[in-house]
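The values are calculated or read from the model by the stated rules, or taken from the named source; none is laboratory data. Computed from a prediction, not measured in an experiment: that's the story for all the values here. For neighbour counting, all protein chains shown are included, and Cβ atoms are generated from backbone atoms with ideal geometry for every residue, glycine included. These accessible areas exclude ligands, DNA and RNA; they are computed on the full protein's heavy atoms, side chains included. Shrake-Rupley method; radii C 1.70, N 1.55, O 1.52, S 1.80 Å.
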Amino acid sequence: MKIIMLGAPGAGKGTQAKMIAEKYSVPHISTGDIFRANIKNGTQLGMEAKKYMDQGLLVPDELTVKILLDRVAKEDCAGGYVLDGFPRTIPQAQVLDNALKELDDQIDFAINVDVPDENIVRRMGGRRACLSCGATYHIEHIPSKKEGVCDACGKELVLRDDDKPETVKNRLDVYHQQTQPLIDFYEKKGILRTVDGTVDMKDVFAAITAILD
Ligand code: ADP
Ligand code: AMP
């Protein structure tokens, strides 16, 4: 099963993608997590990506597409995967489509997690991320057991640099201009499914599993 998560930054793509990955035993692939791991490790790719991420801009397609294609070519992806944060532009979607076509394969569903902009700004300010294992929490809706500490690995939770209000606004603008057209792209292919992302995360997940099952 090959799934794409669509939606604005902060819509809950990562939260749902992790649950999907666990239930259906497929890898969760987040290009944002891959970039953040590279930043943390001080790689060339990380330093290049950081310049864009800190401003709320997209990392250029040339860099992003290569890391994604390398990742999905790995053996653990043979039975499928859930993509979170990729594609974010039409050219990225076309490259993925062509790569899959060459293998006589295709994406099964593009799940659009729909959340209005007003909710997004509130959510991002409350998001706390573990830069060590990639887990995410929300200070009100999905708190960690101990404030500021990751339940999964015990490391510190932080407000991501790109979740600060001024950057969130840029990220939403970028989303509307460059990523939202993908909704139409996958609608035309007949594989788009939209779920209400404003309800409790368990109810969002129930709506998604009803589609996937
Ligand atoms: P994305 O991957 O789309 O950027 P996240 O999954 O990181 O979004 O979610 C953004 C923030 O909203 C996080 O703090 C997360 O804990 C919280 N969140 C996710 N789903 C819900 C939900 N259904 N209701 C309330 N808060 C949520
Ligand atoms: P995310 O963790 O998905 O919110 O991504 C964080 C940031 O990483 C984004 O704001 C972009 O700067 C960058 N990024 C992640 N995925 C992509 C992508 N597919 N294309 C371009 N930039 C990306």
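For the reader, a short list of remarks on this structure follows.
- Heavy-atom accessible area per residue - the range 27-90, 1.4 Å, Å²: 48
- Those Cys residues of the chain for which no other cysteine Cβ falls under 4.7 Å: 77
- Within the chain, helix-based [θ] at 222 nm, where runs of 4 or more DSSP H residues each add -39,500 (n - 2.57), nearest 500: -14000 deg cm²/dmol
- Pairs exceeding 18 Å between alpha-carbon atoms, taken from 51/164; 40/155; 13/146; 13/51; 13/202; 23/202: 13/146; 13/51.
- Segment residue 158-residue 77, extension gain: residue separation times 0.36 nm, minus the distance between their alpha carbons: 26.2 nm
- Difference of contour (0.36 nm per residue) and Cα-Cα distance, residue 206 to residue 139: 21.8 nm
- Within the range 58-136, trypsin sites (Lys or Arg not before Pro) in DSSP loop having at most 16 other beta-carbon neighbours inside 10 Å: 74
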